[in-house]
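Here's the structure we're looking at; comments come further down.
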Amino acid sequence: MAALIDGIILQPNLYKSPKAPYISGEPHAFRYKGPEDINDPHSKIVARALSTWLDNPSTTKMMVDEANQIAQNLNALRNIKAPLKRLKAKKNGLRSHAELFIEDYSYRKPSSVHKKKFKQGITSIRSFCIEMNDVAPYNLKYIDLYNWWWGKNNYSSPEYWKSGNTHRNRQSVHKQFFDYLIREKLINRDEFLGNPFNNTSYGECPLGLRELEEKKTTRITLIQLYDIHRCAKENEAFHVCNAIDLAYATGMRLSDVANLRFDENIINNSLRTHFGKTGELDKDGTIHIQMRFDKHPRIEEIVKQCERTRLSVSRDGKSSPYLIHRRFRNNGCHGKRHYSQVLPDHLGKQFTKYRLISVEQNNNNIWPPIETGSLRPGFHQIRSLFAKTLQENGIEISATQVSLGHADISMTKHYQAGYETDYVDMPVSVTQEMIENKLHKERASL
């Protein structure tokens, strides 16, 4: 059955975008469903979603007619050039073996399929296969691999290969890919004595890795934190506001804040949680913390603040079980226990988003120019601000250490440092008397 828009029949393979606008006035878009291998310059129009239109009857017909005309031309091209050759990987090329490796890895570790690192690794492996011209694994040369890894000889490797930190992230997935090729006996053992990505830190692999980049994250001040809070509140991102309030009041990590639940952590008028990094460990490697509301009224106030928005994110009439929650446009439940849960990665990105807004506005010049090699503070810097605030109010460092869950007190001292520049008193200086004596001696020697 042909698709319709306002009674107008669309051409075959032309559809309205499945992503309908959520707000009245946002543009709609067309999608043309065609083979990926249309080798015609006009097919680039398809990649630009053809055209868009607003909820306006005067423009809808014009845009639909335009899209129908483009789709009609593309359909004609498909009929003329049929049958088209699909761009398949070579039967024994790197790319076909890469797809088999990805399928095998996904079967063995299904929990990794939806993780960001896994998706980036897949992209990296496919990019590698293209750079190697999809040669058979047995014909792969070490010199080609070396030049690609280090971005030499005009290889079109993305910029991220120049980063030492990213080198280490990509090294892991390529090591597993080459382990697969070796296991399947597809590699020329005369060319590669072993896995070229193995044991790089001990110098056994000639490929090596770039040195780690020294990046210093600046500390966040209370004025800067409250301005980020203001930006989030103005954009109705109340889950970010609640997360900031909880992190600053308790000193908890981003992941701990995101996973707090009303049914599991709010018990007997107290907030109960546990830390995995501390010197006072029990048998399962954690220390359990209880924050009683009668002793910590600020925490009770924040919990009530979170509770007031629980029903606003409900879809089934039930309130959200998470303290930090929001209503998403789609369920998107990969890695979630509940549709309203805000994952730590998303929460960190939201914090960065409103920090960027705050820096752009820079009210009262609260954000000084950043030094070369330094980074703006992230969500984790709230823990450092928590430790510094306790220090300035005379709280013992041992109590701060337990609250932060540090195994070593030196780590707590590190969190409290970096807010002020430590000056050393200069013991001596050149006086006027010294200058006169020096001049007198030099003149006497003339």
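The values are calculated or read from the model by the stated rules, or taken from the named source; none is laboratory data. Computed from a prediction, not measured in an experiment: that's the story for all the values here. Note that each Cβ is placed from the backbone with ideal geometry, even for glycine, and that neighbours are counted across all protein chains shown.
Residue under question is residue 353, and the condition is that it be under 22 Å from residue 258 (Cβ atoms), at pLDDT 90 or above and charged (D, E, K, R); does it hold? Yes: the conditions hold for residue 353. The residues in region 405-445 that are under 30 Å from residue 252 (Cα atoms) and β-branched (Val, Ile, Thr) can be counted, and the count is 3. Scanning region 336-357 for residues that are assigned to a loop (DSSP other than H, G, I, E, B) and polar (S, T, N, Q) returns a single hit, 340. Restricting attention to region 358-381, the residues being part of a helix (DSSP H, G or I) and within 18 Å of the chain's Cα centre (by Cα) number 1.
Of all residues in region 220-250, those that are more than 22 Å from the chain's Cα centre (by Cα) and surrounded by 23 or more Cβ atoms within 10 Å (Cβ to Cβ) total 1. Would you confirm whether any residue within region 424-440 is in contact with a Lys or Arg (Cβ under 8 Å, 6 or more places away or on another chain) and either surrounded by fewer than 10 Cβ atoms within 10 Å (Cβ to Cβ) or part of a helix (DSSP H, G or I) (or both)? No, region 424-440 has no match at all.
Of all residues in region 402-423, those being part of a helix (DSSP H, G or I) and touching a residue at least 12 places away in the same chain (Cβ under 8 Å) number 8. One residue stands out among those in region 337-379 that are closer than 30 Å to residue 318 by Cα and touching a Cys at 6+ places or on another chain (Cβ under 7 Å): the one that is surrounded by the most Cβ atoms within 10 Å (Cβ to Cβ), which is 354.
Look at region 127-143: where a residue is on the phi > 0 side of the Ramachandran plot and a partner is of a type outside the set (Lys, Arg) and assigned to a loop (DSSP other than H, G, I, E, B), sitting 6+ places away or on another chain with Cβ atoms under 9 Å, you get 133/93; 134/89; 134/93. Restrict the check to region 258-266 and report whether at least one residue is crowded, with 19+ Cβ neighbours inside 10 Å, among the aliphatic types (A, V, I, L, M) and under 17 Å from residue 312 (Cβ atoms). Within region 258-266 (the criterion being crowded, with 19+ Cβ neighbours inside 10 Å, among the aliphatic types (A, V, I, L, M) and under 17 Å from residue 312 (Cβ atoms)), the answer is no, since none of the residues qualifies.
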